[in-house]
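Notes follow once the structure below has been shown.
The values are calculated or read from the model by the stated rules, or taken from the named source; none is laboratory data. Predicted, not measured: the structure shown is a model, and the values here were computed from it. Note that we place each Cβ from the backbone using ideal geometry, even for glycine, and neighbour counts take in every protein chain shown.
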Amino acid sequence: MRNGSGAAGTGWTPSGHCTIFVCDIISFGKRPDHVQSHLRTVLYDGLRTCFDAAGLPFEGCYTEDRGDGVIVVLPPSYDPAGLAHPLPDHLRGALRRHNGLTAEHARMRLRVALHSGQLESDDKGIVGTTVNHVNRLLDAPSFKEALAETPAELGVLASDEFYRAVIQEGRGAIDPTEFRPIDVRLKETDTKAWLCIRTASPTAPAPTSAPVATGAAPVAPDLTARGRPEQAEGAGLPALFEIVERLMDIPLLTTAEGRQQIVDDLRKEIAIRIPRRAQPHLDTHSIVRTCLQFPGGLEEFLALVHAYAGKSVEVQALDETVARLTGGAH
């Protein structure tokens, strides 16, 4: 079951206090053998892509195969908050893309459990009560029942230890209110854990007041085709790219720190759903696309750009681009 490789090929194996991610494919055993093989390939490819995109390079993690899933242990240098955000958003996106392009019998839903605690390793893999506990969370009847009641493609269950140490603090863009407590009773385990199941991006109400900013923000173009974000990749995509190009001309937006400052000041329901990217253009594109999914979201983002970047030739060019795309509306 062990993959035989430590972090980044260095031979690192987990010991001491570690953070664990474990997942499995729902209804895996009901699939024919050839579908199971295909789903395993999709799962590993997806985990690698999503961990990398979340700033948790998969190559640096310790992994063990579970047949219908994977155990991933983060090295000490990784921030465990990334497992709560943005990794789940990346996983949801990957699952939606896969399921939208495949037949029903090859579609995938995932259960994920998160935990942290003391680990030991031997020549066969990781051992200890921490491993037992996270596996009990994953297999908990209450977790399975909660997911069975919803079409959601992903469910995340965090141990009480992980919740209190990482999620409850609301670090970064994590929203603790997305998690609700459930009872976990399985074998010797009787505990509380914290469940997050999101079936779709909610439609947020329009803000009752404008965000704090200096100067008036430009009116955002209707890139979402009658307000429906799923149509944005139609007629609105060229306009979206043009706005991103103008944003990338603004020095503040070329830095990760500058983009993070603006994201931190967005409404939390927007900020927590932005799948972040390492590359500046892709990150900015992701921020703008997510803002478009919320009424007033792009206007709020542009107002914050004004507030932090101030008046400049680049900001003026952004305003002119937005005005042109909206037919000169202000």
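Worth a mention:
- Of the listed requirements (1) at pLDDT below 95; (2) surrounded by 12 or more Cβ atoms within 10 Å (Cβ to Cβ); (3) under 18 Å from A113 (Cβ atoms), P207 misses just one: (3).
- Single match in L282, L298, L252 (criterion: touching a Phe, Trp or Tyr at 6+ places or on another chain (Cβ under 9 Å) and not acidic (D, E)): L252
- For the range 14-39, taking the residues that are of a type in the set (D, E, K, R) and in contact (Cβ under 8 Å) with a residue 12 or more places away in the chain, the one that is nearest to P151 (Cα to Cα) is identified as D24.
- Of the residues in the range 127-134, at least one is assigned to a strand (DSSP E or B) and surrounded by fewer than 15 Cβ atoms within 10 Å (Cβ to Cβ).
- Test: residue in the range 112-124 that is at pLDDT below 95, assigned to a loop (DSSP other than H, G, I, E, B) and surrounded by 12 or more Cβ atoms within 10 Å (Cβ to Cβ): no
- Screening the range 244-330 for helices (runs of 4 or more DSSP H) wholly inside it with 3 or more residues that are touching a Lys or Arg at 6+ places or on another chain (Cβ under 8 Å) and closer than 19 Å to L87 by Cα returns the ranges 280-291.
- Scanning the range 55-111 for residues that are among the hydroxyl-bearing types (S, T, Y) and assigned to a strand (DSSP E or B) yields Y62, T63.
- Yes/no for R96 being in the same structural domain as L157 (by TED's automatic domain parsing) and touching a helix residue (DSSP H, G or I) at 6+ places or on another chain (Cβ under 8 Å): no
Residue-by-condition table, conditions (1) surrounded by fewer than 20 Cβ atoms within 10 Å (Cβ to Cβ); (2) within 20 Å of H90 (Cα to Cα); (3) modelled with pLDDT of 90 or more; (4) among the charged types (D, E, K, R):
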{"residue": "D264", "(1), (2), (3), (4)": "yes, yes, no, yes"}
{"residue": "P275", "(1), (2), (3), (4)": "no, yes, no, no"}
{"residue": "Q279", "(1), (2), (3), (4)": "yes, yes, no, no"}
{"residue": "I287", "(1), (2), (3), (4)": "no, yes, yes, no"}
{"residue": "Q293", "(1), (2), (3), (4)": "no, yes, no, no"}
{"residue": "K311", "(1), (2), (3), (4)": "yes, no, no, yes"}
{"residue": "T321", "(1), (2), (3), (4)": "yes, no, no, no"}
{"residue": "R324", "(1), (2), (3), (4)": "yes, no, no, yes"}
{"residue": "G327", "(1), (2), (3), (4)": "yes, no, no, no"}
